[in-house]
């Protein structure tokens with residue numbers, strides 16, 4: 001079922017690009033595909049498949065490796081057995097998240113997700129997103145400081161989707177910040193917008209990677225990893241913010257940290 005769903009995602013690119021190539025041709029003209037353009041589309045599809053394979057390979061290798069140990073080595077103690085089982089579970093959850101992100105991004109790109117706008121206090125959504133990263137932050141002894149207004153900040157937005165945006169940005173900030181580091185979240189109202197800034201004192205992002213951050217499987221150098229990291233989380237973030245008529249920017253300096261800033265109009 002997963003294979004069929006991923007194939008649908010890839011095929012949607014081919015179908016949409018073919019429609020674009022055919023759209024403006026008059027009926028009297030024999031409609032033929034632009035071969036160089038189609039070659040480019042096939043290269044894009046191959047790149048996506050390669051990147052998906054890269055993302056799947058690491059957790060699958062871990063799952064298979066630990067499963068083989070559990071199957072073959074009867075001498076390991078119960079504590080080690082539970083540790084290996086935990087690795088398998090965590091890698092399985094990682095795969096599940098990647099699959100859900102891929103399907104979610106595809107739905108957003110195809111316009112299949114209807115946002116549910118309602119007037120709410122965005123501070124409640126911020127607090128909810130913070131609870132989702134508390135455990136990870138505590139495990140790394142990272143403090144998350146907040147600068148929030150004393151009064152409610154009422155705007156019209158989709159609570160669930162903006163919570164998804166904030167969780168992704170906070171999770172990334174905590175994930176890439178070294179143990180004992182600091183993450184800061186600031187909310188302010190400027191004119192007709194609310195501005196949410198998430199700052200970390202992590203490794204920072206090379207300037208050459210910033211432009212690709214919000215693309216599907218944008219490449220990002222990850223300290224401590226043998227290869228570059230790929231993902232779709234920030235591409236989803238960008239789509240959701242765009243659907244709120246907002247924008248997201250990033251400022252970063254290698255060795256000092258990053259600031260991700262989301263601006264959302266008070267009346268979307």
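Laboratory data are not the source of any read-out in this text; all were calculated from the coordinates shown. Owing to the predicted nature of the structure, the values given are computational and were not obtained by experimental measurement. Using ideal geometry, Cβ is built from the backbone for each residue, glycine included, and neighbour counts are taken over all protein chains shown.
Full extension of the segment from residue 175 to residue 138, taken as 0.36 nm per residue of separation minus the current Cα-Cα distance, would add 12.2 nm. Peptides 168-175, 205-212 ranked from most to least packed, by the mean per-residue count of other Cβ atoms within 10 Å: 168-175, 205-212.
For the pair residue 267 and residue 72 in one chain, pulling the backbone fully straight at 0.36 nm per residue adds 64.1 nm over the alpha carbon distance. Ranked by how many other Cβ atoms sit within 10 Å of their own Cβ, fewest first, the residues 253, 81, 161 fall in the order 253, 81, 161. Rounded to 0.05, the FRET efficiency of the residue 56 and residue 150 pair, given R0 = 51 Å and the Cβ-Cβ distance, is 0.65. Taking 0.36 nm per residue of separation and subtracting the Cα-Cα distance, full extension of the segment from residue 242 to residue 81 would add 53.4 nm.
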